[in-house]
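Worksheet: the structure to be examined is printed underneath.
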Amino acid sequence: MKEEFIISAYSENHIGLLNRITIIFTRRKVNIESLTVSESALSGISKFTIVVREERSRVENIVKQIEKQVDVLKAYFHTNEEMIFQEIALYKVPTQALMESDQIERMVRKHNARILEITKDYTVIEKTGHKEETQELFEGLNKFGVLQFIRSGRVAITRSANERLSEFLAERDALLASIEMKSN
Amino acid sequence: MTAPSKEFMEMKQKAMQITGAEAVIRSLLEEGVETIFGYPGGAIMPVYDALYDFDKQVRHILTRHEQGAVHAAQGYARVTGDVGVCFATSGPGATNLITGIADAMIDSTPLVCITGQVASPLLGTDAFQESDVVGISMPVTKWNYQITTPEEIPTAIAQAFYIARSGRPGPVVLDLTKDAQFGKVDFTYKRCEKIRSYVPEYPLDKESLKSAADLINSAKKPFLLFGQGVVLSGAERELQEFIEKAGIPAAGTLLGLSALDSEHELNTGMLGMHGNYGPNIKTNECDVLIAVGMRFDDRVTGDVKRYARQAKVIHLEIDPSEINKIIKADVAVLGDAKKSLRMLTRLVKKQEHTDWVNEFHQAADIENEKVIQKDLFPVKPGLTMGEVVRMSSELTNNQSVVVADVGQNQMAAARYSKFSKTRSHISSGGLGTMGFGLPAAIGAKIGAPDREVVAFVGDGGLQMTIQELGTIAQENLPVKLVVLNNHFLGMVRQWQQLFFERRYSFTEMVNPDFVKIAEGFGIPGKQVTTREELKVAMKEMIDNPGPFLLDVLVEKEDNIFPMVPTGASVSDILLSAEE
Ligand SMILES: Cc1ncc(C[n+]2csc(CCOP(=O)(O)OP(=O)(O)O)c2C)c(N)n1
Ligand SMILES: [Mg+2]
């Protein structure tokens, strides 16, 4: 059964690594629903957050393939329930519509959205939330004609105490020191 | 004495600087490289120019095609266990390497390929002979990297070698821009010892080893499969000690074959589609299946849904991504095969499974009667591939390095060669690359100059890289080339016969006179069609101090059996077409 999974990977910030990771999905004909890459809490280490709808066993396999990449430190996967996640959406509506009734303002309040910029031609509204929530607001606003709409990839954080990335690096050092490699 | 002037110091500093191109060569020397296989061109000319001054320290083999260079580097790596090195220019030079790199990737062969690239300001401009080598090679390399400054060269090369040879080995591509080759650098070299984002192997987990030993100790019908991982980790002796102590019959994958002496009493032969009868049927009868350094390729497993369902599976493997990829392991032991096997041998009880081992012997008798006798002692006058291969094995006392191309010739070489030494069987497994054999034999001979290297190639595969006869001639390499010539793309024809109602669509070939071609290259050769001629000619080939091409006209429409047809279970293995 296909389910939605959130894959997280920590990696060195190297050119081309994004490509190395995405081809793992392409090769297996797995669609990436959303993808976010940015610097993690530690400088020089990037964090990938990738959302897919797939069977668990396939995701397990993909995550191992990601972790196998030389420049990837660690990769995990989680179900949606196991993580707290958000997406951000921006909506551009005609300012005219905002002036003509208070419906847009009410919608903004009800959805906990906020207004970022108002010009005489357009108004930009921002909302963070799950996809259903940003979508619902889109449908509401679109009654007044949304001029532009953009939704970000997902960012997600686990429910466990903290990221422990620095501890992870210390553990990794110990692990690497513990393996006596065959002499070449 | 007055202190040296500032100008003098600066001059001295400059003098210690070398070009990036020279830094490449010096870095390779630091890694112990003795042989480079390659082909020059515009974008890698500075490196070739630097190489000109190092002909005492390093041997460069000029192949006739970059594909030849990379397969030769693979052959070299497979026979020595060292990293194979090749050079190519940008654009077409680099793209010509790709087949070999893909082959090395799937067969875990350590390679460092250095490709020239246009100068960095030209990157992305569709400059002459620019191609996106990092992009193209990404799916088929363990790691790749583009070097655009001379300063990066030593570190990148150190990392490349470390990555290529450590853990599960694989190919690495370094794409080197021309300006990085021309630029100057203060050269210091430090070998790479670790990379924080990369865990080449995991330390042994005592718990899983203990669970594995428990399963093995209580097994009645244990069966061990050994793959190339055993060779790559140098665990041949550990493998033998383990099976001897625990009394476990064993069988090899195509790439694992020479890890265990063919004559060892517990060696039951080869696994897979054209493997031996016993190992295939017993896979579905054993109670504990121990897989060591192998990846359950579909040519080994047949239908996975009907593969070893009755058995508990123990998987000893260095690469975590192989665990549970195809066959779910009841016990997975991550780590280097040598260390795992050594530990496991300590934990298992001394046992014998005489009746169980006898079952393999009985299966071998059946195969012997139904297949092997017919191949080795045919009643028909036409020569079989099997008898040719076996004769070569016997004439070289099972000591030769056997290189094979792809197709029926490959399966005959694997089935009928006997091995008494490890790293003696070099064949393109995962990719099945026709054209691999001849250039791989070149690399093997250079890597093992004191061993007899016999390459079995098909008439089809030979013509894919036949130009490498030029390399053999130029280097005067005593490679023995046996063409198993059936005037067909034999393996495809076999499938057409068995599964496509003998519709021989584009598999018959009109061949040139291979002996004449060899002669044109200055390589002696003979063509044989009869049993009497064969023995004489093969002796002549072996005794000849230089290279030799033996064109053996074999039965045109023979088939390789046994066979597990695609989609069938290993236990449904066929012994003949009539079944
Ligand atoms: C590069 C490449 N192209 C096509 C194939 C498919 N293929 C597998 S075996 C084979 C026939 C090989 O013919 P030949 O070299 O004469 O060997 P034979 O089987 O006759 O011994 C072909 C075409 C392949 N393995 N590699
Ligand atoms: Mg043929």
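Numerical summary
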| quantity | calculated |
| --- | --- |
| Equivalent ellipsoid, the protein assembly as shown (semi-axes from 5 times Cα gyration tensor eigenvalues, Å) | 50, 36, 27 |
| Label point distance in nm, B:E533-A:R151, each placed 7 Å from Cα along Cα→Cβ | 7.4 |
| Aspartates and glutamates whose Cα lies under 14 Å from that of B:K539, excluding same-chain neighbours fewer than 8 positions away | B:E394, B:E452, B:D551 |
| Listed residue pairs exceeding 21 Å between alpha carbons, taken from A:K68/B:K178; B:K190/B:K339; B:K210/B:K305; B:K221/B:K350; B:K6/B:K190 | A:K68/B:K178; B:K190/B:K339; B:K210/B:K305; B:K6/B:K190 |
| Residue pairs, from the table B:K220/B:K338; B:K245/B:K374; B:K142/B:K338; A:K29/B:K338, whose Cα atoms sit over 28 Å apart | B:K245/B:K374; A:K29/B:K338 |
| Kirkwood hydrodynamic radius of the stretch A:84-155, Cα pairs, Å | 12.0 |
| Prolate/oblate/rounded label for the stretch B:206-359 (Cα gyration tensor, a/c 1.5) | rounded |
| Helical mean residue ellipticity (222 nm; -39500 (n - 2.57) per DSSP H run of 4+; nearest 500) of the protein assembly as shown | -10500 deg cm²/dmol |
| Mean Cβ count within 10 Å, highest first, over the residues of peptides B:373-380, B:201-208 | B:201-208, B:373-380 |
| Chain B - Kirkwood radius from inverse mean 1/r over Cα pairs (Å) | 24.9 |
| Net charge dipole size for chain B [Lys, Arg +1 and Asp, Glu -1 on Cβ; Debye, nearest 20] | 1060 |
| With at most 12 other Cβ atoms within 10 Å, longest stretch of chain B clear of loop chymotrypsin sites (Phe, Trp or Tyr not before Pro) (DSSP) | B:129-499 |
| Net dipole in debye of the stretch B:381-554 [+1 Lys, Arg Cβ; -1 Asp, Glu Cβ; about Cα centre; nearest 20] | 500 |
| Exceeding the 29 Å Cα-Cα cut-off - candidates B:K282/B:K325; B:K282/B:K421; B:K526/B:K556; B:K328/B:K445; A:K47/A:K131 | B:K328/B:K445 |
| Mean separation of Cα contacts under 8 Å, 6 or more apart, over the residue count of the stretch B:206-359: relative contact order % | 31 |
| Residue among B:Q467, B:S424, A:V93 farthest towards the positive dipole end of the protein assembly as shown, charges placed on Cβ | A:V93 |
| Pairwise centroid distance, computed over Cα atoms, of the stretch B:454-516 with the stretch B:189-265, Å | 35 |
| Mean separation of Cα contacts under 8 Å, 6 or more apart, over the residue count of chain B: relative contact order % | 14 |
| Separation between Cα centres of the stretch A:44-100 and the stretch B:22-80, rounded to whole Å | 44 |
| Net charge dipole size for the protein assembly as shown [Lys, Arg +1 and Asp, Glu -1 on Cβ; Debye, nearest 20] | 980 |
| Two-site label geometry, B:D513 and B:V304: point separation in nm, points 7 Å out along Cα→Cβ | 5.2 |
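Values in this text are rule-based calculations from the coordinates and carry no lab data. The structure displayed is predicted, hence computed values, not measured ones. Positions of Cβ are generated from backbone atoms using ideal geometry, with glycine treated the same way; all protein chains shown enter the neighbour counts.
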